[in-house]
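Visitor: Here it is, the structure in full.
Just so it is clear, none of the values below were taken in a lab; they were calculated from the coordinates. Being a predicted model, the structure only gives us computed values, none of them experimental. Note that each Cβ is placed from the backbone with ideal geometry, even for glycine, and that neighbours are counted across all protein chains shown.
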Amino acid sequence: MERLDGLALNFFRRGSRPCFYLELHCSVHGDIRAAVDAKPAERHPCPLCGSTCESAPIGKGFTQGTLPTFEVVGTLTQRARSRNFRFRQ
């Protein structure tokens, strides 16, 4: 994080640490939201299978949890998986 203001200092005092939030799209697992400690690149590994996924930044924030962390927010059906696979070939 570039600069710390009063709000950020309060988060640090309470044991929080800065993080970057991003959304990943994995062709196997669907949409995943993640929090990481380093600024994310355009492509990021899936936390479940390790395949390279497209990523979109959501924003910067703070967390008291361990990093990296993730949550699957949308899964792909078998039909959607096979359709994605055909288009990527």
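Visitor: Neighbour counts of other C-beta atoms within 10 Å: give me SER27, SER16, SER55 arranged from fewest to most.
Guide: Details: SER27 18, SER16 15, SER55 21.
By the 10 Å Cβ count, ascending: SER16, SER27, SER55.
Visitor: Now a separate question. Can you pull out the trypsin sites (Lys or Arg not before Pro) in the stretch 1-64 that DSSP calls coil and that have at most 16 other Cβ atoms within 10 Å? Can you show the working numbers first?
Guide: Numbers: sites: ARG3, ARG13, ARG14, ARG33, ARG43, LYS60; in loops: ARG3, ARG14.
Answer by residue number: ARG3, ARG14.
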